[in-house]
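Data block below; observations after.
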Amino acid sequence: MATLKSSANPTARALIAWYDRHHRKLPWRTTPTMAAKGLRPDPYHVWLSEVMLQQTTVQAVKAYFAKFLSRWPTVDDLAAAPNEDVMAAWAGLGYYARARNLKKCAEVVSGTHGGVFPDTEEGLRTLPGIGDYTAAAIAAIAFDRQAAVMDGNVERVISRLHAIDAPLPGSKPEMKRHVAAMTPAERPGDFAQAMMDLGATICTPKRPACALCPFRGECLALEGDDPERFPVKAAKKEKPVRQGAAFVAVSGDGLILLRRRPEQGLLGGMTEVPTTGWTARMDGETGVTAAPFPAEWQPAGTVTHVFTHFELRLSVYRAGPLSLPSGVHGFWEPVTKLDGLALPTVMKKAIVQAIPNAFPTNKG
DNA sequence: GACGCGTGGTC
DNA sequence: TGACCAAGCGT
(Lines give C-alpha, C1' and ligand atoms only; values in the text may rest on other atoms or scores of the structure.)
Protein backbone atom coordinates (compact mmCIF):
# COMPACT_ATOMS: atom_id res chain seq x y z
CA MET A 1 0.00 0.00 0.00
CA ALA A 2 2.17 2.72 -1.31
CA THR A 3 1.70 6.19 0.06
CA LEU A 4 0.47 8.78 -2.38
CA LYS A 5 2.94 10.37 -4.75
CA SER A 6 4.45 13.60 -3.56
CA SER A 7 2.45 15.33 -6.26
CA ALA A 8 -0.69 14.71 -4.23
CA ASN A 9 -1.66 17.37 -1.74
CA PRO A 10 -0.10 16.88 1.70
CA THR A 11 -3.46 16.79 3.48
CA ALA A 12 -4.63 13.84 1.37
CA ARG A 13 -1.29 12.13 1.85
CA ALA A 14 -1.53 12.44 5.62
CA LEU A 15 -5.03 11.03 5.59
CA ILE A 16 -4.16 8.06 3.37
CA ALA A 17 -1.18 7.24 5.58
CA TRP A 18 -3.53 7.27 8.58
CA TYR A 19 -6.04 5.09 6.71
CA ASP A 20 -3.41 2.52 5.80
CA ARG A 21 -2.80 1.98 9.50
CA HIS A 22 -6.23 2.54 11.03
CA HIS A 23 -8.92 1.71 8.46
CA ARG A 24 -11.94 -0.26 9.60
CA LYS A 25 -12.31 -3.76 8.22
CA LEU A 26 -15.81 -4.08 6.79
CA PRO A 27 -17.45 -6.92 4.84
CA TRP A 28 -18.03 -4.87 1.69
CA ARG A 29 -14.48 -3.50 1.52
CA THR A 30 -11.27 -4.65 -0.04
CA THR A 31 -8.18 -3.80 1.99
CA PRO A 32 -6.03 -0.80 1.08
CA THR A 33 -3.31 -3.26 0.04
CA MET A 34 -5.62 -4.87 -2.48
CA ALA A 35 -6.90 -1.51 -3.66
CA ALA A 36 -3.36 -0.25 -4.16
CA LYS A 37 -2.74 -3.20 -6.47
CA GLY A 38 -5.71 -2.16 -8.56
CA LEU A 39 -8.05 -4.83 -7.22
CA ARG A 40 -11.52 -3.34 -7.09
CA PRO A 41 -14.40 -4.48 -4.92
CA ASP A 42 -17.47 -5.91 -6.67
CA PRO A 43 -19.64 -2.92 -7.75
CA TYR A 44 -22.75 -4.86 -6.72
CA HIS A 45 -21.38 -5.21 -3.19
CA VAL A 46 -20.41 -1.53 -3.07
CA TRP A 47 -23.80 -0.39 -4.34
CA LEU A 48 -25.73 -2.67 -1.98
CA SER A 49 -23.73 -1.56 1.05
CA GLU A 50 -23.93 2.13 0.16
CA VAL A 51 -27.71 2.06 -0.20
CA MET A 52 -28.08 0.20 3.09
CA LEU A 53 -25.74 2.66 4.80
CA GLN A 54 -27.81 5.71 3.83
CA GLN A 55 -28.69 7.24 7.22
CA THR A 56 -28.04 3.87 8.82
CA THR A 57 -25.29 2.65 11.14
CA VAL A 58 -22.58 0.20 10.09
CA GLN A 59 -23.62 -2.10 12.92
CA ALA A 60 -27.21 -2.32 11.72
CA VAL A 61 -26.18 -2.92 8.11
CA LYS A 62 -23.80 -5.85 8.58
CA ALA A 63 -26.40 -8.58 9.09
CA TYR A 64 -28.65 -7.27 6.30
CA PHE A 65 -25.73 -7.06 3.88
CA ALA A 66 -24.81 -10.70 4.57
CA LYS A 67 -28.42 -11.83 4.23
CA PHE A 68 -28.93 -10.06 0.90
CA LEU A 69 -25.66 -11.34 -0.60
CA SER A 70 -26.41 -14.86 0.52
CA ARG A 71 -29.89 -14.76 -0.92
CA TRP A 72 -29.16 -12.75 -4.07
CA PRO A 73 -25.47 -13.18 -4.98
CA THR A 74 -25.65 -11.04 -8.11
CA VAL A 75 -27.59 -8.00 -9.28
CA ASP A 76 -29.39 -10.26 -11.76
CA ASP A 77 -30.59 -12.47 -8.91
CA LEU A 78 -31.93 -9.44 -7.08
CA ALA A 79 -33.61 -8.14 -10.24
CA ALA A 80 -35.40 -11.46 -10.64
CA ALA A 81 -36.62 -11.61 -7.03
CA PRO A 82 -40.27 -10.91 -6.14
CA ASN A 83 -40.82 -7.43 -4.69
CA GLU A 84 -42.43 -8.94 -1.62
CA ASP A 85 -39.34 -11.03 -0.85
CA VAL A 86 -37.08 -7.98 -1.05
CA MET A 87 -39.38 -5.90 1.17
CA ALA A 88 -39.55 -8.75 3.71
CA ALA A 89 -35.75 -9.07 3.73
CA TRP A 90 -35.43 -5.31 4.26
CA ALA A 91 -37.99 -5.23 7.11
CA GLY A 92 -36.52 -3.63 10.21
CA LEU A 93 -33.85 -1.59 8.42
CA GLY A 94 -36.12 1.42 7.87
CA TYR A 95 -36.55 3.98 5.08
CA TYR A 96 -38.41 1.48 2.94
CA ALA A 97 -38.28 3.63 -0.20
CA ARG A 98 -34.66 2.47 -0.32
CA ALA A 99 -35.79 -1.14 -0.77
CA ARG A 100 -38.28 -0.22 -3.47
CA ASN A 101 -35.62 1.77 -5.32
CA LEU A 102 -33.04 -0.97 -4.75
CA LYS A 103 -35.25 -3.40 -6.61
CA LYS A 104 -35.98 -0.91 -9.39
CA CYS A 105 -32.28 -0.14 -9.76
CA ALA A 106 -31.40 -3.84 -9.95
CA GLU A 107 -33.98 -4.27 -12.70
CA VAL A 108 -32.52 -1.39 -14.73
CA VAL A 109 -28.92 -2.57 -14.29
CA SER A 110 -29.84 -6.16 -15.11
CA GLY A 111 -32.29 -5.46 -17.91
CA THR A 112 -30.87 -2.36 -19.59
CA HIS A 113 -27.14 -2.55 -18.77
CA GLY A 114 -26.64 -6.30 -19.06
CA GLY A 115 -26.03 -6.71 -15.34
CA VAL A 116 -23.10 -4.26 -15.38
CA PHE A 117 -23.20 -1.07 -13.30
CA PRO A 118 -22.34 2.22 -15.04
CA ASP A 119 -18.75 3.14 -14.15
CA THR A 120 -19.11 6.92 -14.03
CA GLU A 121 -20.66 9.28 -11.51
CA GLU A 122 -23.01 10.65 -14.19
CA GLY A 123 -24.16 7.21 -15.29
CA LEU A 124 -24.76 6.03 -11.75
CA ARG A 125 -26.60 9.22 -10.84
CA THR A 126 -29.45 8.35 -13.25
CA LEU A 127 -30.34 5.13 -11.39
CA PRO A 128 -33.20 4.90 -8.84
CA GLY A 129 -32.08 5.45 -5.25
CA ILE A 130 -28.63 6.76 -6.27
CA GLY A 131 -28.18 10.43 -5.42
CA ASP A 132 -25.14 12.72 -5.32
CA TYR A 133 -23.43 10.98 -2.44
CA THR A 134 -24.01 7.38 -3.53
CA ALA A 135 -23.05 8.03 -7.17
CA ALA A 136 -19.76 9.61 -6.09
CA ALA A 137 -19.08 6.86 -3.55
CA ILE A 138 -19.62 4.00 -6.01
CA ALA A 139 -17.64 5.79 -8.74
CA ALA A 140 -14.69 6.33 -6.39
CA ILE A 141 -14.73 3.05 -4.45
CA ALA A 142 -15.74 0.58 -7.15
CA PHE A 143 -14.32 2.31 -10.25
CA ASP A 144 -11.38 4.39 -9.02
CA ARG A 145 -12.90 7.63 -10.26
CA GLN A 146 -11.74 10.95 -8.82
CA ALA A 147 -15.20 11.81 -7.45
CA ALA A 148 -15.81 14.15 -4.51
CA VAL A 149 -17.60 12.06 -1.89
CA MET A 150 -19.43 13.94 0.83
CA ASP A 151 -21.64 12.40 3.50
CA GLY A 152 -22.41 13.42 7.07
CA ASN A 153 -18.98 12.30 8.27
CA VAL A 154 -17.19 14.29 5.61
CA GLU A 155 -19.31 17.35 6.36
CA ARG A 156 -18.22 17.17 9.98
CA VAL A 157 -14.54 16.75 9.12
CA ILE A 158 -14.56 19.56 6.56
CA SER A 159 -16.59 21.94 8.70
CA ARG A 160 -14.06 21.54 11.50
CA LEU A 161 -10.98 21.61 9.32
CA HIS A 162 -12.09 25.00 7.95
CA ALA A 163 -14.15 26.16 10.96
CA ILE A 164 -17.15 26.83 8.73
CA ASP A 165 -19.64 28.96 10.62
CA ALA A 166 -22.39 28.94 8.00
CA PRO A 167 -25.08 26.39 8.92
CA LEU A 168 -25.95 23.20 7.05
CA PRO A 169 -27.49 22.47 4.67
CA GLY A 170 -26.78 25.87 3.09
CA SER A 171 -23.03 25.44 3.49
CA LYS A 172 -22.98 22.18 1.56
CA PRO A 173 -21.76 23.60 -1.77
CA GLU A 174 -18.88 25.36 -0.03
CA MET A 175 -17.92 22.13 1.75
CA LYS A 176 -18.19 20.16 -1.47
CA ARG A 177 -15.67 22.50 -3.09
CA HIS A 178 -13.23 21.83 -0.29
CA VAL A 179 -13.67 18.06 -0.70
CA ALA A 180 -13.18 18.27 -4.46
CA ALA A 181 -10.00 20.27 -3.96
CA MET A 182 -8.64 17.68 -1.52
CA THR A 183 -9.56 14.51 -3.43
CA PRO A 184 -6.44 12.99 -5.02
CA ALA A 185 -6.25 11.39 -8.47
CA GLU A 186 -4.56 8.43 -6.85
CA ARG A 187 -6.64 6.11 -4.64
CA PRO A 188 -9.73 8.35 -4.61
CA GLY A 189 -11.85 5.47 -3.26
CA ASP A 190 -9.56 4.98 -0.27
CA PHE A 191 -9.48 8.72 0.26
CA ALA A 192 -13.29 8.80 0.44
CA GLN A 193 -13.44 5.87 2.81
CA ALA A 194 -10.64 7.39 4.87
CA MET A 195 -12.59 10.63 5.31
CA MET A 196 -15.62 8.65 6.45
CA ASP A 197 -13.58 6.44 8.79
CA LEU A 198 -11.98 9.53 10.26
CA GLY A 199 -15.40 11.04 10.89
CA ALA A 200 -16.72 7.81 12.38
CA THR A 201 -13.80 7.02 14.69
CA ILE A 202 -11.78 10.21 15.38
CA CYS A 203 -13.69 13.30 14.29
CA THR A 204 -16.84 12.18 16.11
CA PRO A 205 -19.83 14.43 16.92
CA LYS A 206 -19.06 14.36 20.66
CA ARG A 207 -15.63 14.25 22.29
CA PRO A 208 -13.54 13.95 19.14
CA ALA A 209 -10.12 12.33 19.58
CA CYS A 210 -8.21 15.28 18.15
CA ALA A 211 -4.86 14.11 19.58
CA LEU A 212 -5.00 11.12 17.23
CA CYS A 213 -6.13 13.04 14.15
CA PRO A 214 -3.89 13.31 11.08
CA PHE A 215 -5.28 16.84 10.58
CA ARG A 216 -4.52 18.06 14.10
CA GLY A 217 -1.84 20.45 12.86
CA GLU A 218 -4.10 22.23 10.38
CA CYS A 219 -7.60 22.03 11.88
CA LEU A 220 -9.02 25.52 12.43
CA ALA A 221 -11.74 24.24 14.78
CA LEU A 222 -9.10 22.65 17.00
CA GLU A 223 -7.07 25.82 16.84
CA GLY A 224 -10.19 27.69 17.96
CA ASP A 225 -10.45 25.21 20.84
CA ASP A 226 -14.03 24.04 20.30
CA PRO A 227 -14.32 21.38 17.57
CA GLU A 228 -17.68 20.18 18.91
CA ARG A 229 -19.23 23.45 17.80
CA PHE A 230 -19.06 22.19 14.20
CA PRO A 231 -20.84 21.47 11.98
CA VAL A 232 -23.31 24.29 12.62
CA LYS A 233 -26.81 23.11 11.70
CA ALA A 234 -30.15 24.83 11.19
CA ALA A 235 -32.53 24.41 14.12
CA LYS A 236 -34.83 21.44 13.71
CA LYS A 237 -38.56 21.45 14.14
CA GLU A 238 -40.17 19.74 17.09
CA LYS A 239 -41.90 16.43 16.61
CA PRO A 240 -45.70 16.39 16.82
CA VAL A 241 -47.49 13.52 18.52
CA ARG A 242 -50.02 11.50 16.57
CA GLN A 243 -52.39 8.90 17.93
CA GLY A 244 -54.27 5.97 16.51
CA ALA A 245 -55.45 2.46 17.18
CA ALA A 246 -54.20 -0.90 15.91
CA PHE A 247 -56.30 -4.05 15.74
CA VAL A 248 -54.84 -7.51 16.23
CA ALA A 249 -57.45 -10.10 15.22
CA VAL A 250 -56.67 -13.79 15.73
CA SER A 251 -58.81 -16.63 14.41
CA GLY A 252 -59.55 -19.89 16.17
CA ASP A 253 -56.90 -21.65 14.11
CA GLY A 254 -54.19 -19.09 14.85
CA LEU A 255 -54.39 -16.75 11.85
CA ILE A 256 -53.84 -13.00 12.20
CA LEU A 257 -55.45 -10.36 9.98
CA LEU A 258 -52.93 -8.32 7.99
CA ARG A 259 -53.00 -5.74 5.22
CA ARG A 260 -50.57 -4.34 2.68
CA ARG A 261 -49.95 -0.61 2.89
CA PRO A 262 -50.12 1.56 -0.24
CA GLU A 263 -46.90 1.73 -2.27
CA GLN A 264 -46.42 5.44 -1.65
CA GLY A 265 -45.73 7.22 1.59
CA LEU A 266 -44.95 6.08 5.11
CA LEU A 267 -44.03 2.36 5.30
CA GLY A 268 -45.03 2.11 1.63
CA GLY A 269 -45.52 -1.42 0.38
CA MET A 270 -45.02 -2.91 3.82
CA THR A 271 -47.37 -5.17 5.78
CA GLU A 272 -49.48 -3.92 8.70
CA VAL A 273 -52.21 -4.91 11.08
CA PRO A 274 -55.38 -2.87 10.49
CA THR A 275 -55.11 0.58 12.04
CA THR A 276 -57.07 3.77 12.19
CA GLY A 277 -55.67 6.92 10.67
CA TRP A 278 -52.91 8.53 12.70
CA THR A 279 -54.00 11.99 13.69
CA ALA A 280 -53.14 14.65 16.21
CA ARG A 281 -56.18 13.91 18.38
CA MET A 282 -57.90 10.68 19.25
CA ASP A 283 -61.54 11.50 18.74
CA GLY A 284 -64.79 9.90 17.63
CA GLU A 285 -64.07 7.67 14.71
CA THR A 286 -60.42 7.00 15.47
CA GLY A 287 -61.10 4.76 18.48
CA VAL A 288 -62.32 1.21 18.72
CA THR A 289 -65.36 2.15 16.67
CA ALA A 290 -63.06 2.14 13.63
CA ALA A 291 -62.21 -1.57 13.98
CA PRO A 292 -62.00 -3.58 10.72
CA PHE A 293 -65.07 -5.62 11.72
CA PRO A 294 -67.39 -5.91 14.73
CA ALA A 295 -66.01 -8.09 17.52
CA GLU A 296 -65.30 -8.00 21.23
CA TRP A 297 -62.19 -5.86 20.97
CA GLN A 298 -60.18 -5.86 24.19
CA PRO A 299 -57.74 -3.08 25.06
CA ALA A 300 -54.22 -4.56 25.13
CA GLY A 301 -52.21 -1.48 26.07
CA THR A 302 -50.37 1.16 24.08
CA VAL A 303 -47.24 1.26 21.94
CA THR A 304 -45.09 4.32 21.33
CA HIS A 305 -42.94 4.55 18.24
CA VAL A 306 -40.84 7.49 17.10
CA PHE A 307 -40.66 8.14 13.37
CA THR A 308 -38.46 10.70 11.70
CA HIS A 309 -40.99 13.50 11.82
CA PHE A 310 -43.59 12.49 14.41
CA GLU A 311 -44.15 10.35 17.47
CA LEU A 312 -46.92 7.75 17.27
CA ARG A 313 -48.95 6.46 20.19
CA LEU A 314 -50.94 3.41 19.19
CA SER A 315 -53.73 1.98 21.31
CA VAL A 316 -53.68 -1.74 20.63
CA TYR A 317 -56.87 -3.82 20.63
CA ARG A 318 -57.09 -7.60 20.49
CA ALA A 319 -59.96 -9.87 19.43
CA GLY A 320 -60.13 -13.65 19.31
CA PRO A 321 -60.04 -16.48 19.02
CA LEU A 322 -62.82 -15.94 16.52
CA SER A 323 -64.25 -17.55 13.43
CA LEU A 324 -63.12 -15.90 10.20
CA PRO A 325 -65.43 -13.03 9.38
CA SER A 326 -66.35 -12.62 5.72
CA GLY A 327 -65.89 -9.55 3.55
CA VAL A 328 -62.91 -8.20 5.48
CA HIS A 329 -60.23 -6.34 3.56
CA GLY A 330 -56.83 -7.99 4.01
CA PHE A 331 -55.36 -11.47 4.37
CA TRP A 332 -54.91 -13.97 7.18
CA GLU A 333 -51.49 -15.39 8.07
CA PRO A 334 -50.42 -17.92 10.72
CA VAL A 335 -49.14 -16.18 13.84
CA THR A 336 -46.32 -18.73 13.78
CA LYS A 337 -45.05 -17.51 10.41
CA LEU A 338 -44.76 -13.75 10.89
CA ASP A 339 -40.97 -13.72 10.59
CA GLY A 340 -41.01 -14.08 6.81
CA LEU A 341 -43.29 -11.09 6.26
CA ALA A 342 -42.54 -7.46 5.44
CA LEU A 343 -43.52 -6.18 8.87
CA PRO A 344 -41.93 -2.88 9.90
CA THR A 345 -40.79 -2.55 13.50
CA VAL A 346 -43.74 -0.45 14.60
CA MET A 347 -46.10 -3.21 13.49
CA LYS A 348 -44.09 -5.90 15.25
CA LYS A 349 -44.34 -3.79 18.40
CA ALA A 350 -48.12 -3.59 18.08
CA ILE A 351 -48.44 -7.34 17.48
CA VAL A 352 -46.19 -8.17 20.44
CA GLN A 353 -48.28 -5.87 22.61
CA ALA A 354 -51.32 -8.03 21.84
CA ILE A 355 -49.53 -11.39 21.49
CA PRO A 356 -46.41 -11.29 23.69
CA ASN A 357 -44.86 -14.47 22.23
CA ALA A 358 -45.54 -13.64 18.57
CA PHE A 359 -41.83 -13.36 17.75
CA PRO A 360 -40.17 -16.00 19.96
CA THR A 361 -36.72 -15.54 18.38
CA ASN A 362 -36.55 -11.84 19.20
CA LYS A 363 -36.31 -10.19 22.54
CA GLY A 364 -39.66 -9.68 23.95
C1' DG B 1 -34.98 24.46 -0.26
C1' DA B 2 -38.02 22.21 2.66
C1' DC B 3 -40.23 18.33 3.76
C1' DG B 4 -41.38 13.20 4.16
C1' DC B 5 -39.22 9.19 5.18
C1' DG B 6 -37.39 4.28 10.16
C1' DT B 7 -34.79 2.41 13.35
C1' DG B 8 -31.60 1.38 17.06
C1' DG B 9 -27.64 3.00 19.65
C1' DT B 10 -25.56 6.45 22.69
C1' DC B 11 -24.85 9.41 26.66
C1' DT C 1 -34.02 9.46 29.66
C1' DG C 2 -35.01 12.13 26.09
C1' DA C 3 -32.48 14.22 22.50
C1' DC C 4 -29.30 13.44 19.16
C1' DC C 5 -27.57 11.00 15.54
C1' DA C 6 -26.11 7.39 11.38
C1' DA C 7 -22.08 6.17 4.46
C1' DG C 8 -29.26 10.46 1.97
C1' DC C 9 -32.90 10.29 -1.63
C1' DG C 10 -37.10 11.82 -3.99
C1' DT C 11 -40.38 15.27 -4.67
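Laid out as a table, the results:
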item	result
Exposure rank, largest accessible area first [A:LYS67, A:LYS348; 1.4 Å]	A:LYS67, A:LYS348
Label-point separation in nm, A:ALA291 to A:GLU122, each point 7 Å along Cα→Cβ	6.2
Computed label-point distance, nm, for sites A:LEU26 and A:ASP253 using a 7 Å Cα→Cβ extension	4.8
Intensity falloff of chain A expressed as log10 I(q)/I(0), Debye formula with alpha-carbon point scatterers, at q = 0.06, 0.13, 0.15 Å⁻¹	-0.30, -1.07, -1.23
0 to 90° range, to nearest 10: angle between helix A:58-71 axis and chain A longest Cα axis	70
Cβ-placed point charges (K, R +1; D, E -1), dipole of chain A about Cα centre in debye, nearest 20	560
Highest-first arrangement of A:213-224, A:95-106, A:294-305, A:228-239, where packing means the average Cβ count within 10 Å	A:95-106, A:213-224, A:294-305, A:228-239
Residues of type lysines that A:LYS236 reaches as a straight line, Cα spacing below 23 Å, ignoring anything fewer than 8 places off in the same chain	A:LYS172, A:LYS176, A:LYS206
Residue-wise HN-Hα coupling along the range A:139-146, computed from phi with Karplus coefficients 6.51, -1.76, 1.60 (Hz; x: Gly, Pro)	4, 6, 6, 8, 10, 6, 8, 7
Amide hydrogen neighbours beyond the local backbone of A:THR302, cut-off 5 Å, H modeled	A:VAL316
Quotient of C-alpha Rg and 2.2 N^0.38 Å, computed over the range A:241-354	1.00
Angle in degrees between helix A:10-22 and the longest Cα principal axis of chain A, rounded to the nearest 10	60
Per-pair calculated FRET efficiency, R0 = 22 Å: A:ARG71 and A:LYS337 via Cβ, rounded to 0.05	0.80
With DNA, RNA and ligands ignored, accessible area of A:GLU174 (1.4 Å probe; Å², nearest 10)	70
Built amide H within the under 5 Å cut-off of A:MET270, gap 5+	A:ARG261
Per-residue ³J(HN,Hα) for the range A:128-136, Karplus 6.51 cos²θ - 1.76 cosθ + 1.60, θ = phi - 60°, Hz, x for Gly and Pro	x, x, 10, x, 4, 4, 5, 4, 5
Distance in nm between pseudo-label sites at A:GLU263 and A:GLU228 (7 Å out along the Cβ direction from Cα)	4.8
Residues A:LYS239 and A:ASN9, FRET efficiency given R0 of 45 Å [Cβ-Cβ distance, rounded to 0.05]	0.60
Dipole in debye (nearest 20) - the range A:241-354, about Cα centre, beta carbon charges: Lys, Arg +1; Asp, Glu -1	200
Angle in degrees between helix A:345-354 and the longest Cα principal axis of chain A, rounded to the nearest 10	30
Top positive-direction residue, dipole computed over chain A with Cβ charges, set A:GLY217, A:THR31, A:THR289	A:GLY217
Amide proton proximity set for A:LEU168, modelled H, under 5 Å, gap of 5+	A:VAL232, A:LYS233, A:ALA234
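The values are calculated or read from the model by the stated rules, or taken from the named source; none is laboratory data. Everything numeric here is computed off the predicted structure, so don't read it as measured data. Cβ atoms come from the backbone with ideal geometry, glycine included; neighbour counts cover every protein chain shown. Ligands, DNA and RNA are excluded from the accessible area calculation, which covers all protein heavy atoms including side chains. Shrake-Rupley method; radii C 1.70, N 1.55, O 1.52, S 1.80 Å.
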